[in-house]
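One structure below.
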Amino acid sequence: EAARGVPVGRMWPPMRVSPAEYNEDILTGLDFALAQLAARDMKAILCLGNMWQWSGGFASLLHWATGSDIPGMTPAESTDAQWQAHQGFAVRFYGSDTAVGYYLDHARMLAGRTNGQTGVPYNREP
């Protein structure tokens, strides 16, 4: 996948392409998933940030805030040193006002979004 420009060991395609750009196809899919859950009287908990190497998470926010490269690793084949390097990088998120701001912008965007399938604002979804 790296040959196609797809980051190895990352969720692809991402919901958020940059601090100010979202993949509308992914958001439309989330609208559909939430609508289907509601139709079955089920609920979802959205994880808005994490330290996992495969999902982008805090490391991506820090990369966007600082321009620093994210330590590379492949989840299935990573060494302990690679894991520790990634965690050491991602934890710096908490010390970056810009990265934390990107996280808060993301939370506000989702809370303010209206589900295109149901017309229900996300902050009122079950």
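The values are calculated or read from the model by the stated rules, or taken from the named source; none is laboratory data. Small disclaimer: the values here were computed from a predicted structure and weren't measured. With ideal geometry, Cβ positions are generated from the backbone for all residues, glycine too; neighbour counts draw on all protein chains shown. The area values use the complete protein model at the heavy-atom level, side chains included, leaving out ligands, DNA and RNA. Shrake-Rupley method; radii C 1.70, N 1.55, O 1.52, S 1.80 Å.
Structural remarks
- Search result, residues across region 95-108 that are out of contact with any helix residue (DSSP H, G or I) (no Cβ under 7 Å at 6 or more places or on another chain), surrounded by fewer than 16 Cβ atoms within 10 Å (Cβ to Cβ), of a type outside the set (G, A, S) and touching a residue at least 12 places away in the same chain (Cβ under 8 Å): D105
- Number of positions in region 43-71 that are of a type outside the set (S, T, N, Q), outside any helix (DSSP H, G or I) and free of Cβ contacts under 8 Å to residues at least 12 places away in the same chain: 5
- Criterion: modelled with pLDDT of 95 or more, of a type outside the set (S, T, Y) and touching a helix residue (DSSP H, G or I) at 6+ places or on another chain (Cβ under 8 Å) - qualifying residue of L46, L62, L34: L62
- Verdict on W83 being among the aromatic types (F, W, Y) and not in a helix (DSSP H, G or I): no
- Conditions (1) open to solvent by 30 Å² or more (accessible area, probe 1.4 Å); (2) more than 24 Å from P13 (Cβ to Cβ); (3) touching a helix residue (DSSP H, G or I) at 6+ places or on another chain (Cβ under 6 Å): number failed by Q84: (3)
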